[in-house]
There are 2 protein chains.
Amino acid sequence: MRNFKEEAKALVSQMTLDEKISQLMHHAPAIERLNIPKYNYWNEGLHGVARAGIASVFPQAIGLAATFNPKLIREVASVISTEARAKYNQSKVFGGTEIYQGITIWSPNINIFRDPRWGRGQETYGEDPYLTSVMGISFVKGLQEGEDPIFQKADSTIKHFFAHSGPESKRHGFDAKVSLKDMNETYTRAFKRVIEKANPAGVMGAYNLVNGKACSGNSYYINQMIRNEFGFKGYYVSDCGAISDFHQGHRITKSATQSAVLGLASGCDLNCGDTYTHLKEALNQGLIHEDQINQSVERLFESRIRLGMFEKTQYDEISSDVIDSRKHQKINLRAAQESIVLLKNNGILPIQKGSYQRIAVIGNNANNIDAVMGNYHGTASSVVTPYQGIKQEDIHVEVKYAMGAVPQGSPKGWLEQPIREGVALAKWADLVILVLGIDNTIEGEENDARHSPAQGDKITLEYSISQKQLIDAVMKLNKKVILVNVSGSAMIIPNAPFDAILQQFYGGQFAGKALADIIYGNVNPSGKLPVTFYLRMEDLPDFEDYQMKGRTYRYFNHDIQYPFGYGLSYSKFEIKGISCTKKSCTLDVTNTSDLEGMEVIQLYAKYNESFDTPIYELIGFQKVNLKPHTTKTVKISYQTLMVFDQKGKPRKPKKEVKIFASVTLPSYDPNRIHERVKEMKKA
Amino acid sequence: MRNFKEEAKALVSQMTLDEKISQLMHHAPAIERLNIPKYNYWNEGLHGVARAGIASVFPQAIGLAATFNPKLIREVASVISTEARAKYNQSKVFGGTEIYQGITIWSPNINIFRDPRWGRGQETYGEDPYLTSVMGISFVKGLQEGEDPIFQKADSTIKHFFAHSGPESKRHGFDAKVSLKDMNETYTRAFKRVIEKANPAGVMGAYNLVNGKACSGNSYYINQMIRNEFGFKGYYVSDCGAISDFHQGHRITKSATQSAVLGLASGCDLNCGDTYTHLKEALNQGLIHEDQINQSVERLFESRIRLGMFEKTQYDEISSDVIDSRKHQKINLRAAQESIVLLKNNGILPIQKGSYQRIAVIGNNANNIDAVMGNYHGTASSVVTPYQGIKQEDIHVEVKYAMGAVPQGSPKGWLEQPIREGVALAKWADLVILVLGIDNTIEGEENDARHSPAQGDKITLEYSISQKQLIDAVMKLNKKVILVNVSGSAMIIPNAPFDAILQQFYGGQFAGKALADIIYGNVNPSGKLPVTFYLRMEDLPDFEDYQMKGRTYRYFNHDIQYPFGYGLSYSKFEIKGISCTKKSCTLDVTNTSDLEGMEVIQLYAKYNESFDTPIYELIGFQKVNLKPHTTKTVKISYQTLMVFDQKGKPRKPKKEVKIFASVTLPSYDPNRIHERVKEMKKA
């Protein structure tokens, strides 16, 4: 058994001080006399290798979460690291990696999707810490674990530690005020669990301060919480430019040298940026010790050795032919299919091919590549939009497209009257499929989403006036109308008598193909919402308020539009005979319909303590496939039942905990949310 | 025979003063008691009905010019007005038109493409006044003339009168200094000729001043030149906001009222904008007479009656089914094919299908919709990019894509290292097709092209560093390499031993299909450059200098890269036996090759006066199709031979004029430009 730690120590001991400092930044130069090629740590792979040319473009992370399928997400992540390896192997010919060519992947984003306005919420696994943990664990394992018995396939860095969820416009100077209760009950839970269960190679600190302290510049956060409490063994990396934010944005230090010292001394090993060049000066001034530098360089080289960067590995044979291969495309399409959530169906779905002769696919997202890709994406070899998917599926009827509307935040300009063309096309049609919502130009990272009114964030969840007018005009025509909402976050879906409603998160290169597969019943929908769909903007707390109270299904007390975990099937499922032990519940689930389908059995806990707890919360789930009229006995393990008091101390619940098992019932009434959760049995 | 003028007079006489004033702006409201529906004059159709939803998206105007095929451009324009009628008919159901739904089309743009940096040069027919006239005449006729014996199919407005060619960033306050010689010899020639030969319904004034006078606010320009000298019978319209530019941009008036008075009193009938609302006030102050208002309203209503807006016409039956129909697609594809210019071929082209097993299509424009559309475009029902076109053509071999490079002006950001992927793919391939150049986000109208460094204009014609590096690296691999330059304007093409070079202007929805047709020899290339390709930036005069001296092939004395009118074929052509009368030349043209092909026979005149004249200039051309080893006798009429003295006075040439007939010879040496023009015979 190799001891990578000792090997790293031996290697680093041969480096000069300057060499060591140079290795503490993301674009580490070569050290030729030690046969160390240059290496750029910065790579992104939320839903495919991003920004490095052709790659599988999977559904955006929020869509992967909607699959509620940890096995599938692990396959997805494994494809991502395979393609990253192919690109890394390609880069070796050029003498080392450049940005986005490495095998240290700064994914997944396991922040909690605290507020639906956050532009980067699409990168997360939604609003629930348990779901986020489960998906995060699978993703990290999928990225990191490969066939080589000695070497790790790729490094996963979980991010952004912690309480990072907007506003994008303020992130370099923002101080998130977080109670100890919310910290433990919500913001750090997924980090803790993913570190414990999946051993990610890296943790990335957030841009923002938390309670006045820098996330990449505070020893309590990094050394005490992450390393000591959560048991993290890898390297801690700053978000890009976050160290220079200390003096330039947050102004908690007075100079670049002070920032570099604060970062390194707090345990942040790798500086994405250049501020650590000042460590030499800091050392000369006696502000840090060389030992501190050694420790961080050793952590980084332990990882590089474990990745086999200086030896032959089984992964060296992965060539670029694997990129976007048939095999990868199959997994991709399945992820796209399972990520679609059926929100309403009066029986119109699934559609029989040829049963409508004139199909109008109308809307700003009907044929819009920006509503397919999601942020941090690679280049797809080809893309199928919803319009194209439906046209390619139902080939013997007429399928036409019109834009019909412009979304929130659409630039003023020449696209002034698409509604009329949309309405005229709807008149012509016997089936109207409205594909509305928002896109990648409206929500995204700071400055990336060029039509965002708030540097990436949304200021409203409402449809645009143009979209509402289109819906009004089309509904007056008394046609069959299916609404597809495309977004990376919860929207407020207009209240109109649609025959069916589908939610598609940014679906990746096969978005339109997957949508057609669902609409035409080639695939039975099985996605579930990873976020609550709210009814009213005014029900939301202030965007900058980091209290969880009044946010997400766990703490939200008003009526909602669609709950977390919700999603219909073309089949019908029933649960019976639940019994629970202290670690798991066993139950019988029956497909009572004539159609094979998948259902996600969800376990929720409801506490009854004297202090505030979540109203109810997910503690376990399992996705099962059932043939028509069959029953399966399913055993679902659940997380340790735990409540947190006002000081953030975890406690065993003192009073009775009720455990509910839930499937999505077709009779769901959004105004009576708790009826969705059928009370079954206390633990 | 109807007298539309008298009918308009009678109709207008029933209007109140307020009603009349309201009709002088582009969004004319309804006058219900007179059964006049609301009507928005603003529509665009440079290369397809723009910004009004699905429409045929033809090659951009500069590409249409490259066809050197006036018959084809007339068919294109006829499709455009048919589709505009379809959209207009659709809009009637809604009680009147909105913007971009009318049949008054503010196209063509017959400005001279004076400087290759101009972002809107792509909208023009290039740098030559004669070619611009011929294409303009065909386009106007194609738009306006239809089957109805009484009513006009659509109105064409030629624009922008005059001397309008950048900078985009200054157009609302710029004064173009134009000599009388250049005015007559270059800037106004196409306007004069198109008005004389095609009777366009409208003329649009430019934003800029010319010699201190406003183009929509100067009676000499509008009444004396346009109406009296050129014989224009229609309505004069301001560019949008150009009347308010008088006080806000140019500051030649002090108030909106003064601007309105200057516009109307100078003969500008229609205000695109709202400034003419101040005419009421002006009338009350005695600054204008009601007669002046009447005259302009009458001109506009004469046109609306001629268009049949208040009666039944044969055009009312045109339904939206014609939009992007098979018939229209056929014309579109042909335009795209004929617009491609073969600049170099060492014999590699055309390619036999299957002769290369691994084809790499690499470049920022290989799979880029922004390099297909051109500005002022409609929505294409589907688009074929170069990569897709080649993949769909050569279906039994492997065709792969990589971006490979970023163009000039590309935003800094995450696309940082595409070169390596491009080079790796080139290594894999046995044929490399580089598709480089720029796109719609880099050159375009003021503020439209979001990556332009100069609000739509270019600051260089050079390839980007990234593109040059890609070329260098790929050429070192010793592969077969074809370069496709995509742009709406002349670029400086890097000097490398490409096996072939093709120029594709923004090619419309079938751009990639047409390119594949040329590369695989389904179609023999026949496009010719409508602009000079220069060798060096430093050879160009200052962008803001409106002197023609030193610009375009007519006045440029340095070496160049490729001349105006140049374009190779897979066939070889020879001209013999030329004889000319005072109006035409007759000659024999022979296809000496084994391949059927089209060639453009071009007649150029060379004057020999004591004052400055163009070095040589196009006076006539004809595109002919020839079967292998056949000869045709071709008669080409040419324009009246005319020179202009320093005062801009037209004169019959006093000395001998030499007329040359030219075809593009494969042996062309760009350093000896005048050898291209084979001297044949003086007139």
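Some points to look at:
- First in segment A:252-268 and touching a residue at least 60 places away in the same chain (Cβ under 8 Å) and outside any helix (DSSP H, G or I), second anywhere and open to solvent by less than 50 Å² (accessible area, probe 1.4 Å) and of a type outside the set (A, V, I, L, M, F, W, C), Cβ under 6 Å, 6 or more apart: A:Cys268/A:Ser216; A:Cys268/A:Tyr236; A:Cys268/A:Ser238
- B:Asn69 vs. criteria more than 24 Å from B:Gly121 (Cα to Cα), polar (S, T, N, Q), open to solvent by 10 Å² or more (accessible area, probe 1.4 Å) and touching a strand residue (DSSP E or B) at 6+ places or on another chain (Cβ under 7 Å): no
- For A:Asp115, the conditions (1) open to solvent by 10 Å² or more (accessible area, probe 1.4 Å); (2) touching a Phe, Trp or Tyr at 6+ places or on another chain (Cβ under 6 Å) all hold with the exception of (1).
- Checking every residue in segment A:326-336 against the condition of being crowded, with 17+ Cβ neighbours inside 10 Å, outside any helix (DSSP H, G or I) and either of a type in the set (Gly, Ala, Ser) or out of contact with any strand residue (DSSP E or B) (no Cβ under 6 Å at 6 or more places or on another chain) (or both) gives zero matches.
- Residue match in segment A:74-83 (condition: over 15 Å from the mean Cα position of the chain (by Cα), within 14 Å of another protein chain (Cβ to nearest Cβ) and at pLDDT 95 or above): yes
- Residues within segment A:451-468 that are within 14 Å of chain B (Cβ to nearest Cβ) and either within 9 Å of A:Gly409 (Cα to Cα) or in contact with a strand residue (DSSP E or B) (Cβ under 7 Å, 6 or more places away or on another chain) (or both), tallied: 1
- Looking only at residues of segment A:288-325 that are in a helix (DSSP H, G or I) and of a type in the set (Val, Ile, Thr), we find that the one that is surrounded by the fewest Cβ atoms within 10 Å (Cβ to Cβ) is A:Val322.
- Counting only residues that are open to solvent by less than 20 Å² (accessible area, probe 1.4 Å) and farther than 24 Å from B:Phe191 by Cα, segment B:236-253 holds 1 of them.
- Of all residues in segment B:254-283 being among the hydroxyl-bearing types (Ser, Thr, Tyr) and open to solvent by less than 20 Å² (accessible area, probe 1.4 Å), the one that is farthest from the chain's Cα centre (by Cα): B:Thr257
- Complete set of residues in segment B:362-388 that are within 13 Å of chain A (Cβ to nearest Cβ), within 17 Å of A:Ser381 (Cα to Cα), outside any loop (DSSP other than H, G, I, E, B) and in contact with a Gly (Cβ under 9 Å, 6 or more places away or on another chain): B:Ile362, B:Tyr387, B:Gln388
- The listed residue being of a type in the set (Gly, Ala, Ser), surrounded by 24 or more Cβ atoms within 10 Å (Cβ to Cβ), more than 14 Å from chain A (Cβ to nearest Cβ) and on the phi > 0 side of the Ramachandran plot, out of B:Gly53, B:Gly126: B:Gly126
- Yes/no for A:Ile390 being modelled with pLDDT of 95 or more, surrounded by fewer than 24 Cβ atoms within 10 Å (Cβ to Cβ) and aliphatic (A, V, I, L, M): no
- Flag for B:Asp439 being part of a loop (DSSP other than H, G, I, E, B), within 12 Å of chain A (Cβ to nearest Cβ), in contact (Cβ under 8 Å) with a residue 40 or more places away in the chain and crowded, with 17+ Cβ neighbours inside 10 Å: no
- Qualifying residue in segment A:541-550 (condition: at pLDDT 95 or above, more than 28 Å from A:Ile110 (Cα to Cα) and either acidic (Asp, Glu) or in the same structural domain as A:Gly121 (by TED's automatic domain parsing) (or both)): no
- Scanning segment A:224-249 for residues that are more than 24 Å from A:Ser133 (Cβ to Cβ) and assigned to a loop (DSSP other than H, G, I, E, B) turns up A:Cys240, A:Gly241, A:Gly249.
- Verdict on B:Gly63 being assigned to a loop (DSSP other than H, G, I, E, B) and either outside the structural domain of B:Leu270 (by TED's automatic domain parsing) or of a type in the set (Gly, Ala, Ser) (or both): no
- Scanning segment A:93-104 finds one or more residues that are open to solvent by 10 Å² or more (accessible area, probe 1.4 Å), without any contact (Cβ under 8 Å) to a residue 12 or more places away in the chain, within 14 Å of chain B (Cβ to nearest Cβ) and part of a loop (DSSP other than H, G, I, E, B).
- Number of residues in segment B:129-177 that are of a type in the set (A, V, I, L, M), open to solvent by less than 10 Å² (accessible area, probe 1.4 Å) and in a loop (DSSP other than H, G, I, E, B) equals 2.
- Selection status of A:Val432, more than 10 Å from chain B (Cβ to nearest Cβ), open to solvent by less than 10 Å² (accessible area, probe 1.4 Å) and assigned to a strand (DSSP E or B): yes
The values are calculated or read from the model by the stated rules, or taken from the named source; none is laboratory data. Because the structure is predicted, anything quoted here is derived from the model rather than measured. Neighbour counts are summed over all protein chains in view; Cβ atoms, including those assigned to glycine, are modelled from backbone coordinates with ideal geometry. Protein only, heavy atoms only, side chains kept; ligands, DNA and RNA dropped before computing areas. Shrake-Rupley method; radii C 1.70, N 1.55, O 1.52, S 1.80 Å.
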